[in-house]
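Novice: Here it is, the structure, as structure tokens.
The values are calculated or read from the model by the stated rules, or taken from the named source; none is laboratory data. Note that the coordinates shown come from a computational prediction; the quantities given were computed from them, not determined experimentally. When we count neighbours, we look across all protein chains shown, and the Cβ atoms used for this are built from the backbone with ideal geometry, even at glycine.
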Amino acid sequence: MILNKSFLTFYFILFFTMYSFSQGIQVDSINPVKLEQVFVTATRTNRFISTLPLPVHIISKRDIEQANSVRLNDILNEQTGLITVNDYGGGEGIQMQGLDSQYTLILVDGMPLVGRLAGTLDIKRLTTANIKKIEVVKGASSSLYGSDAMGGVINIITENPEKGFNVKLNYRLETFSTEDMSAVLNYKKAKFGWRAFLNKYSSNGFDLNPKTELKTVDPFVNYTFNLKTEYAFSKQSNFYLSLKYFNQNQDYNASAILRGESSINEWSSNLKFTREFNVKLSAYFEFYATVFKTDNYLINSENGTFFDSNYFDQQLIRPELRVQYKFNEVNELIGGIGYSHESLDRTNFSVQPEFNAPYVYLQYDSNLTNDINMIIGARFDSHNKYRSQFSPKAAVRYSLNKKWSLKGSVGYGFKAPDFRQLFFDFTNSTVGYTVLGFNVANSALAQLQSQGEIATLIISPSDLKNTLSPENSISTNIGVDYKLSPKLNFKVNFFRNNINDLIDTRVIANKTNGQNVFSYYNVNKVYTSGFEIDGKWKPLNRLKITGGYQLLFAKDKEAEAAFEKGDVYARKDPVSPAFQLKKEDYFGLFNRSRHMVNLKLYYMLPKWKAFANVRLTYRSKYGLLDSNGNNYLDVYDDFVEAYSILDFSINKTFYTNYSLNIGIDNLFNFTDPQNISNIPGRIIYAKLNINL
Amino acid sequence: MKTMKTIQFIILIALFTGFSSCSNDDDEPLVAVESQNITNLQAQQAGGQGQPISGAFAKFDFLTGQTTESDSDWDIAFRGTSIIVNGGTSLGTIDEPERTGEGAAYMASGTMASVMEVTQDLFVQDSDTGYAITTGSENGWYSYSGAPTYLITPIPGKILVFKTRDGRYAKVEILSYYENAPSEPNAFTDTSRVYTFNYVYQPNFGITTF
């Protein structure tokens with residue numbers, strides 16, 4: 001157990017404070033007044049969640065507080081069918097319905113986050129301290145959101161100014177000297193309101209392999225700042241501005257000698273005008289701009305000479321006009337038109353590419369009868385660098401009776417080729433291979449040829465003349481909701497995503513140094529399918545149990561065919577003769593677990609005026625790489641073993657405005673230093689919250 | 001598989017004795033086909049990693065089952081991950097030997113036991129645009145893992161079928177690229193460019209089965 005000096009001091013102060021405020025306490029019930037939950041991400045309008053025909057999920061502020069989450073990955077990892085996986089670039093991205101993090105759109109207050117360094121968007125970047133709720137839509141949603149919304153959409157909705165003047169402070173200390181502190185200053189009266197939020201998160205990092213020279217996670221400190229202002233010109237028109245800044249500095253060490261620093265700077269501004277013309281017609285104008293920059297450098301610490309540096313600078317500007325028309329209580333139309341301008345400047349790019357993409361979308365939401373709700377919509381994205389995309393979607397919900405309802409949806413999703421896949425121009429300085437983006441491959445290849453570095457061309461230059469197609473999918477979801485009573489309900493959702501034109505690399509030429517030139521091309525057909533179950537049960541007023549399970553099959557269709565044809569071989573031992581594999585020996589895509597489970601138990605302790613909870617997550621075995629050389633993940637490969645993590649916490653409110661949270665994450669101290677670098681082991685923490 | 005080979009061997013011995021006991025002197029007796037294992041064939045190179053590659057190829061002669069320094073009496077040769085045949089023309093890299101024979105090669109999918117017959121149409125010779133055994137990760141006989149292990153692994157199910165310099169046939173399965181064929185190779189500590197392979201040589205002219 002790590003209890004350093006400051007931790008102890010903190011502990012004492014807390015005890016003292018607790019003691020002095022130990023009288024006249026009121027405790028919330030575990031059953032707060034049940035308000036109908038509003039969901040915006042599925043329709044871009046305020047919509048009651050209970051009648052939505054799509055597989056959606058809300059993570060409330062209460063859920064986040066009870067789990068004592070600090071960063072976004074903490075809370076998402078506890079949700080059914082969601083898991084964060086480590087990327088080789090160091091980011092922690094979300095996997096949804098078996099699709100990689102690059103295929104899930106992450107929004108903050110409805111606006112996309114940028115900064116996908118190698119495709120992955122690192123969600124550890126986001127603090128949970130300012131989150132009001134998180135909305136999750138599963139299944140392709142490009143009909144509203146365009147590119148990247150293939151697996152689904154996660155919309156993080158942050159707190160808005162609330163009435164009155166208030167101050168909130170909190171401080172948390174945990175193992176590895178990790179500290180998290182936030183301050184909120186909020187003011188709202190009549191027409192004008194503002195809210196300032198500041199968070200500092202720092203850690204000494206941790207080391208899963210003390211024998212190696214490098215730490216698993218190097219020390220870092222980051223700051224999140226958010227200022228929101230609201231002004232109501234009248235009852236009908238509103239002005240809103242949100243400014244956000246994120247800064248992180250982290251030690252960056254490549255070896256015992258090569259040391260440096262990496263930094264991230266992110267700005268965003270979101271301006272919104274709302275105008276309600278009448279009961280039926282409203283319009284919204286939004287202007288979003290964001291910049292994401294990283295800078296890394298390495299210095300040879302023995303002689304002080306500069307070794308290497310790289311940078312990444314991405315910008316996105318997006319104006320959008322949205323109009324909502326309510327025909328009546330049950331029929332509503334929403335339409336939008338917008339323009340995305342994106343640019344990237346980074347190391348290993350021979351050009352500074354720009355993406356320009358105007359788009360338009362329309363969605364119709366209607367209650368055909370009292371029991372049937374239907375949503376149909378489509379979006380058209382035009383683009384200057386790849387084929388334009390038309391993304392339709394349709395969804396229906398049918399309520400059989402008060403207890404049972406059925407829902408089904410089919411949608412098209414796509415992910416535009418990213419800047420790297422189009423414009424990368426990179427030669428590995430130690431091994432000597434080259435990777436070229438599709439759009440620069442011909443010119444870069446010609447240059448390599450003129451320098452005499454090309455031995456043979458494997459792909460004729462004319463094959464590189466067309467454009468790379470966006471990766472796309474048809475996603476189908478069919479679900480059943482069952483609500484016996486407020487105390488017991490569950491839902492099941494079956495999903496299938498058929499993905500085409502997945503982008504992969506291939507050899508386009510041999511180099512005279514014996515290495516190859518790689519480029520990107522559309523190749524794979526992949527599917528992910530399975531189902532998830534979510535349930536909630538309150539056997540006692542004081543006790544709530546929730547649980548979830550996901551079954552997943554994620555496979556490459558060509559790989560399946562190759563196994564079926566008997567084209568795949570393996571060795572039992574790396575140096576033993578090969579043997580032929582059978583169809584059932586194919587496991588599927590890398591980094592996908594067949595089974596994922598979560599089970600949470602919440603218990604109220606009236607005598608203690610506190611809540612306790614125990615939360616368990618389980619992930620079955622998965623493969624990270626092909627260990628027997630046949631390029632496929634088969635049952636003879638080395639797998640990462642199944643694991644479970646148990647978290648425990650007690651949250652106690654005292655003197656109304658104070659609360660204290662104490663807990664242990666990963667109680668049994670699970671680690672897998674070789675394969676899982678984002679699980680640091682047991683974490684003990686304490687947190688004090690003050691609302692003034 | 002071992003029993004397969006043993007049976008194969010016994011049949012051949014039987015055939016051999018059968019033929020040799022035959023009094024007809026016009027028939028050349030058939031020589032037995034044997035499965036052989038070669039360990040630690042050194043195929044070092046200079047350069048690489050962005051620099052021009054040089055260094056002598058390690059030449060191998062199926063007839064003797066040994067490496068050779070001969071300029072003409074070799075069938076296949078190794079340097080780093082490159083494998084050349086004694087047939088066709090040189091790609092023109094530094095220190096690459098001239099081809100003097102009628103050697104050729106192709107890659108078949110299968111196991112040593114399942115690749116039992118030579119397909120003549122598939123044979124390709126080395127040329128000034130590329131080798132018959134194509135090079136590069138996933139493009140020839142091996143895959144390169146890249147970071148963090150940087151391992152060269154022979155792709156299971158790749159059988160290299162060769163026509164020797166004088167028109168006989170052999171099949172090869174490469175097992176390891178590291179010295180002493182460690183079962184858990186480590187690219188940082190094990191010496192690479194050291195081949196371990198199994199081969200079957202058909203010493204009889206005109207016989208296209210193994």
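Novice: Here is a check on your reading of the model: is residue A:611 over 30 Å from residue A:542 (Cβ atoms), among the aromatic types (Phe, Trp, Tyr) and more than 14 Å from every other protein chain (Cβ to nearest Cβ)?
Specialist: Taking the combined requirement at face value, the residue does not satisfy it.
Novice: Of the residues in the range A:464-499, how many are without any contact (Cβ under 8 Å) to a residue 24 or more places away in the chain and either among the charged types (D, E, K, R) or over 30 Å from residue A:512 (Cβ atoms) (or both)?
Specialist: Total meeting the criteria: 2.
Novice: Filter the range A:574-587 down to residues that are within 9 Å of chain B (Cβ to nearest Cβ) and not hydroxyl-bearing (Ser, Thr, Tyr) and give me whichever is farthest from the chain's Cα centre (by Cα).
Specialist: A:577
Novice: Same structure again: Tally the residues that are under 17 Å from residue A:250 (Cβ atoms) and free of Cβ contacts under 8 Å to residues at least 12 places away in the same chain, restricting the search to the range A:293-307.
Specialist: So the answer is 0.
Novice: Inspect all residues belonging to the range B:64-78 and state whether any of them is within 12 Å of another protein chain (Cβ to nearest Cβ), buried (at least 18 other Cβ atoms within 10 Å of the Cβ) and either part of a strand (DSSP E or B) or modelled with pLDDT under 95 (or both).
Specialist: Scanning the range B:64-78, I find no residue that is within 12 Å of another protein chain (Cβ to nearest Cβ), buried (at least 18 other Cβ atoms within 10 Å of the Cβ) and either part of a strand (DSSP E or B) or modelled with pLDDT under 95 (or both), so the answer is no.
Novice: Select from the range A:467-496 the residues that are touching a helix residue (DSSP H, G or I) at 6+ places or on another chain (Cβ under 9 Å), of a type outside the set (A, V, I, L, M, F, W, C) and within 24 Å of residue A:150 (Cβ to Cβ) and list them in ascending order.
Specialist: Within the range A:467-496, A:467, A:471, A:472, A:473 qualify.
Novice: Mind listing just one residue for me: the one in the range A:79-94 that is surrounded by 24 or more Cβ atoms within 10 Å (Cβ to Cβ) and not hydrophobic (A, V, I, L, M, F, W, C) and, of those, modelled with the highest pLDDT?
Specialist: Residue satisfying both the conditions and the ranking: A:81.
Novice: Being in contact (Cβ under 8 Å) with a residue 60 or more places away in the chain and either more than 14 Å from chain B (Cβ to nearest Cβ) or over 22 Å from residue A:75 (Cβ atoms) (or both) is true for just one of A:623, A:663. Which residue is that?
Specialist: A:663
Novice: Then there's this: Which of the residues that make up the range A:114-140 are without any contact (Cβ under 8 Å) to a residue 40 or more places away in the chain and hydrophobic (A, V, I, L, M, F, W, C)?
Specialist: Within the range A:114-140, A:121 is the sole residue that qualifies.
Novice: Residue B:182 versus (1) more than 9 Å from chain A (Cβ to nearest Cβ); (2) surrounded by fewer than 19 Cβ atoms within 10 Å (Cβ to Cβ): which is the lone unmet condition?
Specialist: (1)
Novice: May I pose another question? Could you list, in sequence order, the residues of the range A:366-386 that are more than 14 Å from residue A:50 (Cα to Cα) and assigned to a loop (DSSP other than H, G, I, E, B)?
Specialist: A:368, A:369, A:382, A:383, A:384, A:385, A:386
Novice: Let me ask something else about it. I want to confirm something. Restricting to the range A:519-573 and keeping residues that are assigned to a helix (DSSP H, G or I) and out of contact with any helix residue (DSSP H, G or I) (no Cβ under 8 Å at 6 or more places or on another chain), which single residue is farthest from the other protein chains (Cβ to nearest Cβ)?
Specialist: Ranking the candidates gives A:557 first.
Novice: Let me confirm something: among A:632, A:655, A:643, which residue is of a type in the set (Phe, Trp, Tyr) and within 14 Å of another protein chain (Cβ to nearest Cβ)?
Specialist: A:632
Novice: Right, here's the next one. Test of understanding: among A:333, A:316, which residue is of a type outside the set (Asp, Glu), surrounded by 14 or more Cβ atoms within 10 Å (Cβ to Cβ), under 24 Å from residue A:247 (Cβ atoms) and in contact (Cβ under 8 Å) with a residue 12 or more places away in the chain?
Specialist: Being of a type outside the set (Asp, Glu), surrounded by 14 or more Cβ atoms within 10 Å (Cβ to Cβ), under 24 Å from residue A:247 (Cβ atoms) and in contact (Cβ under 8 Å) with a residue 12 or more places away in the chain holds for just one of A:333, A:316, which is A:316.
Novice: For residue A:240, indicate whether it is buried (at least 20 other Cβ atoms within 10 Å of the Cβ), aromatic (Phe, Trp, Tyr) and out of contact with any Ser or Thr (no Cβ under 8 Å at 6 or more places or on another chain).
Specialist: Considered against the rule, which asks whether it is buried (at least 20 other Cβ atoms within 10 Å of the Cβ), aromatic (Phe, Trp, Tyr) and out of contact with any Ser or Thr (no Cβ under 8 Å at 6 or more places or on another chain), residue A:240 comes out as no.
Novice: So residue B:142 ticks every box in (1) over 29 Å from residue B:205 (Cβ atoms); (2) more than 7 Å from every other protein chain (Cβ to nearest Cβ); (3) over 17 Å from the mean Cα position of the chain (by Cα) but one. Which box is left unticked?
Specialist: (3)
Novice: Of all the residues that make up the range A:650-660, how many are of a type in the set (S, T, N, Q), touching a residue at least 60 places away in the same chain (Cβ under 8 Å) and surrounded by fewer than 19 Cβ atoms within 10 Å (Cβ to Cβ)?
Specialist: The qualifying residues number 2.
Novice: A follow-up question, please. For residue B:159, indicate whether it is surrounded by 19 or more Cβ atoms within 10 Å (Cβ to Cβ), in a strand (DSSP E or B), facing chain A (nearest Cβ under 9 Å) and touching a residue at least 40 places away in the same chain (Cβ under 8 Å).
Specialist: Spelling it out, residue B:159 is indeed surrounded by 19 or more Cβ atoms within 10 Å (Cβ to Cβ), in a strand (DSSP E or B), facing chain A (nearest Cβ under 9 Å) and touching a residue at least 40 places away in the same chain (Cβ under 8 Å).
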